[in-house]
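Have a look at the structure below, then the notes.
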Amino acid sequence: MNKTNDSQGGASTSRRQFIQSSSTAVVGGVVAPYIGLRNGLSAQDSDTIRVGIVGCGGRGSGAANQAMQADSNIRLTAMGDVFPHRLQGSLDALKRAAGDKIDVSPDKQFIGLDAYEKVINSGVDVVILTTPPAFRPQHIKAAIDAGKHIFCEKPMATDSAGLRSVMASVAEAKRKKLAVVAGFCWRYDTPRRELYKRIHDGQIGDIRSIYATYYTGPVNPAVPNEQRTPDMTDLAWQLKYWQNYVWLSGDSICEQAIHSVDKIAWAMKDEMPIKAVANGGRQIPAHAGNIYDHFSVIYEYKNGIRNHLGSRQIAGCYNENSDYIYGSKGTGLINGWSDVRIDGDSRWKFRGQKKDMYQIEHDELFASIRKGEPINDGDRMVTSCMMGIMGRMAAYTGKEVTWEDAMNSQENLVPENIEWDMELPVRPIARPGQTALI
């Protein structure tokens with residue numbers, strides 16, 4: 001196999017490459033787009049759409065399989081990851097699920113920190129980006145610079161510097177007429193689409209307040225450092241348990257509870273809050289990592305509305321993932337996976353046909369490419385991600401954080417240069433009242 005393994009001296013990654021506003025592609029040189037899609041913009045039914053995946057974990061494999069079901073003339077032709085066993089496991093599973101739509105030859109299986117470049121340059125038309133979120137700004141920029149359509153999982157960055165890069169990439173994608181579909185899956189859920197349409201049409205009156213919950217158990221809990229094998233580098237160890245490291249995940253408010261943040265934004269028609277105040281901390285000591293296990297955030301809007309997010313990742317506690325949208329004429333309710341409904345002056349409950357929202361994401365992405373009218377979720381995905389970062393900043397510092405504070409923050413969580421064998425000390429867990437607002 002023709003593979004590059006960064007554990008044996010592969011390319012390093014510069015943080016500066018993807019926070020600059022330059023239009024120079026980080027992949028280097030000029031990348032010729034696949035001509036079968038007429039310069040990457042649209043596709044006739046006779047054109048085979050070639051897909052590549054960067055990040056072959058569970059969500060990446062799921063997204064790739066959904067992409068294969070979204071169009072009759074589609075092939076997965078390239079894969080990239082930093083761990084060989086993860087790529088191979090994903091490839092085997094996808095072959096079982098999608099059969100001859102999986103056409104990834106050995107020379108299109110890329111391992112290493114530079115695997116994303118090789119997938120992008122392999123002749124694909126659409127790139128699925130599902131690595132740990134710290135790398136998302138860099139990968140989005142490289143894909144857009146190369147003229148590729150994108151499906152990117154949430155969150156799209158773990159700090160404001162990365163998100164500003166994503167904003168520039170979104171603008172470039174619009175200019176190039178490239179699709180950008182975000183992994184905020186609830187926006188593609190049929191019952192919730194109908195609920196929020198009714199809310200926006202005024203069925204519950206003026207929104208007075210929103211209470212969103214994401215109370216659940218730990219995700220990928222880290223094991224004690226003593227179990228780390230001698231051959232594992234700092235980076236390999238942290239990537240294995242990436243949800244537990246702020247620079248990689250953005251903390252649980254940005255990585256998991258961001259879905260609830262996104263639904264607050266959705267109800268508010270993606271209006272930006274003016275400020276946030278938050279509590280949070282670590283109740284249960286962690287074996288490794290530096291994330292909080294609970295957050296409580298109040299988002300205040302210019303009209304005086306205050307919306308509340310409560311989240312927790314602690315085992316053995318009450319669990320809930322619900323949304324309560326209180327209006328002047330009624331209440332919109334989402335109780336976990338139950339049917340959504342409206343109580344009040346005009347009662348309603350969704351009783352229509354349901355479809356897998358993850359599949360809808362890809363169905364609509366590829367249909368938009370075929371039609372030549374690519375979807376771009378970029379603006380709203382940036383707003384929701386910034387709300388998550390803003391809430392984390394408020395909890396970490398104990399300060400009132402304005403939208404401008406968050407948007408202009410100079411904090412860089414992601415290391416300046418990333419190499420497989422680098423020393424990667426874990427920064428101390430944030431302490432409100434002591435951690436600075438940067």
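Quick notes on this one:
- Placing +1 on the Cβ of every Lys and Arg and -1 on the Cβ of every Asp and Glu, with no other charges, gives the range 98-139 a dipole of roughly 160 debye about its Cα centre.
- Length gained when the stretch H85-N303 is fully extended (0.36 nm per residue, less Cα-Cα span): 73.3 nm
- Sites S296 and R175 - FRET efficiency at Förster radius 35 Å, r taken between beta-carbons, to 0.05: 0.30
- Residue order, fewest to most beta carbons within 10 Å, for D145, D81: D145, D81
- Placing a pseudo-label 7 Å from each Cα along the Cα-to-Cβ vector at A367 and D343 gives an inter-label distance of 3.4 nm.
- Annotation: aspartates and glutamates with alpha-carbon distance below 18 angstrom to K108 (same-chain offsets under eight excluded): D6, D81, D92, D100, E117, D125.
- Paramagnetic reach from I429 (point 7 Å along Cα→Cβ, amide N under 18 Å) across the range 211-225: 216-225
- ³J(HN,Hα), Karplus 6.51/-1.76/1.60, whole Hz, each residue of the range 224-232, x for Gly, Pro: x, 4, 4, 8, 6, 7, x, 7, 8
- Cα-based radius of gyration for the range 322-365, normalised by 2.2 N^0.38 Å, reads 1.41.
- Phi angles of the range 323-331 translate, via the Karplus equation with coefficients 6.51, -1.76, 1.60 and θ = phi - 60°, into HN-Hα couplings of 9, 10, 10, 8, x, 6, 10, x, 9 Hz per residue; Gly and Pro are given as x.
- Taking the number of Cβ atoms within 10 Å of each Cβ as an exposure proxy, the fewest-first ranking of S209, S260 is S209, S260.
- Debye-sum result for the range 65-197 in log10 I(q)/I(0), which assumes one identical scatterer on each alpha carbon, at q = 0.14 Å⁻¹: -0.69
- Neighbour count of at most 12 Cβ within 10 Å plus DSSP loop: longest GluC sites (Glu not before Pro)-free window in the chain: 1-415
- 3J(HN,Hα) from dihedral phi, the range 286-302, Karplus parametrisation 6.51/-1.76/1.60, rounded to Hz, x for glycine, proline: 9, 5, 7, x, 8, 9, 7, 10, 7, 9, 9, 10, 10, 9, 9, 10, 4
- Neighbour cut-off at most 13 other Cβ (10 Å), DSSP loop, chymotrypsin sites (Phe, Trp or Tyr not before Pro), the range 234-326: Y318
- Over the range 314-406, the alpha carbon radius of gyration divided by the compact-protein estimate 2.2 N^0.38 Å works out to 1.50.
- Secondary-structure-derived ellipticity at 222 nm for the chain, considering helices only, amounts to -9500 deg cm²/dmol, per-run term -39500 (n - 2.57) for DSSP H runs with n ≥ 4.
- Exposure proxy for D71, D339: other Cβ atoms within 10 Å of each Cβ, ordered fewest to most, give D339, D71.
- Cross-link check: pairs K269/K302; K197/K354; K118/K355; K95/K141; K141/K275 evaluated at a Cα-Cα cut-off of 25 Å; pairs beyond the cut-off: K118/K355; K95/K141; K141/K275.
- Label-reachable residues, the range 258-300, where backbone N falls under 13 Å from a point 7 Å from I314's Cα toward its Cβ: 280-286, 292-296
- Chain lengthening between K240 and R59 when straightened (0.36 nm per residue, less Cα-Cα): 63.7 nm
- Förster radius 25 Å - calculated FRET efficiency between Q227 and Q69 (Cβ-Cβ, nearest 0.05): 0.05
- Amide H partners (placed H, <5 Å) of N412, local residues excluded: none
- Across the options G217, I274, P133, the greatest Cα extent toward the positive end of the charge dipole of the chain (unit charges at beta carbon of Lys, Arg, Asp, Glu) belongs to I274.
- In the chain, the inverse of the mean reciprocal separation of distinct Cα atoms equals 22.3 Å; this is its Kirkwood hydrodynamic radius.
No lab work stands behind these numbers, since they all come straight from the coordinates. This is a predicted model, so every value here is computed, not measured. Counting neighbours? That spans all protein chains shown, and the Cβs are built from the backbone with ideal geometry, glycine included.
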